[in-house]
1. Considering Cα pairs under 8 angstrom that are at least six residues apart, work out the relative contact order of the range 7-276 and quote it in whole percent.
2. In the range 37-171, how does Rg compare with the Kirkwood Rh, expressed as the Rg/Rh ratio over alpha carbon atoms?
3. Where the Cα atoms of the range 7-276 are projected onto their three principal axes, how long is each span, largest first, in whole Å?
4. Kirkwood Rh, Cα Rg: Rg to Rh for the range 1-79?
5. Please report the net charge: other residues with Cβ closer than 11 Å to the Cβ of residue 62, K and R +1, D and E -1.
Amino acid sequence: MASFPAGAVWLASYPKSGNTWMRVLLANLMAGGAAPVDINALPDDYAVTSRRQFAEHMLIDADLLTPDELERLRPAFNAAVFQPLEGPAFCKTHDPFFGRDGAGRARVPVLGTAARAAVYLIRDPRDVAISFAHHMGADIDEAIRRMGDGSAVMGSAAQLSHHLGDWAGHVESWARQDLVPVAVIRYEDLRRDTHGCFAALLNRLGVVATAAEIDRAVAHSSLKALQGQERLAGFRERLPGQGRFFRSGRVEGWRDVLSTAQIRAIEDQCAATMIRWGYALAG
C-alpha cells in the first residue's frame, strides 16, 4: 500500500484543467484496490469552500458576511481545519492563491498557509475555453470573456462564494508565490505520460508507491474508465444542465473548434503566461 505523509496538499487549478482527474488518480492510489474508486464517492471531507464546514468551524453563516469579510476569515477557517490533521488530505480548490481587494491589490493568501504543499494544474487556455463553455452551458465567446475577467467569482448553494479572477492571473498567483511549496503540472504532460508525470509528482510530495501501484491507479483513472462510470451512474459534481463531465480530454482540440478571432482573443489575454509555460501562440 502506498505511503502518504501527513498534512494537507492543495490541488489547485483554474476550472477545467484536470483537477478532478488528479483527485481520481490520488484516490485510486490511496485506495489501492483491485477495482476503481467510485467517482461519486471521492473524498470531500476537507472541502475548502464548504459552507457547512465554514459555519461549523467559524460559528457564523457565510451569508451574513460581506465578500471582503468572508475572504479575510478564510485563512483562519482553513487553519482550523487543516493544522490539526494527523493524516494526509488532498484538497481541491479553484481559488487563486492571493485574493484581491476592490482596487485590485493582492492580499493575504486566501487559503492561508496550513498546507504542507500544493499541486497546480495548468492547461492550454484555448482548450480550457472549450471545456469551460460546456461546463457552464454557455457559448465559447462567453467562456473567453469570463476567462479574461479579473473580477470573476464562483460559488453555489453548497460552496462559499469566492474570487476566481482571470486565467493568467490565476496561474501566476500560484506559480509565483513562495509561501507554500508548489509543483506545477501541465495537463498536456499528464496526458502524454500519465505514469511518468504522476510518479514524479508523488516523489516530490514524499509519497512512497511502487511502479505497480502507480500503474494500477493510472489504469483505474483512465478517461475511458471515468466516462464508463459517469455513463452508468452519473457524476454528482456535474452542474445542472451540463452535458458529460468527462468529455474528450483532448490536447490541442482548440485547433478544430475555435475561430481565428477566438484564438486571437485568448492569446491577447494570456500571451505572456502561455509562453512562460510552453504554449506556443498561433498568431
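1. On the way: 395 pairs, mean separation 70.3, N = 270.
With pairs under 8 Å counted, the relative contact order is 26 percent.
2. On the Cα set of the range 37-171, Rg over Rh gives 0.96.
3. So the three principal-axis extents are 51, 46, 36 Å.
4. Values: Rg = 15.6 Å, Rh = 14.9 Å.
The Rg/Rh ratio comes out at 1.05.
5. For residues surrounding residue 62, the net value is -1.
Any read-out appearing in this document is the output of simple, stated calculations on the displayed coordinates, not a laboratory observation. All values reported here derive from a predicted model rather than from experimental measurement. Neighbour counts are summed over all protein chains in view; Cβ atoms, including those assigned to glycine, are modelled from backbone coordinates with ideal geometry.
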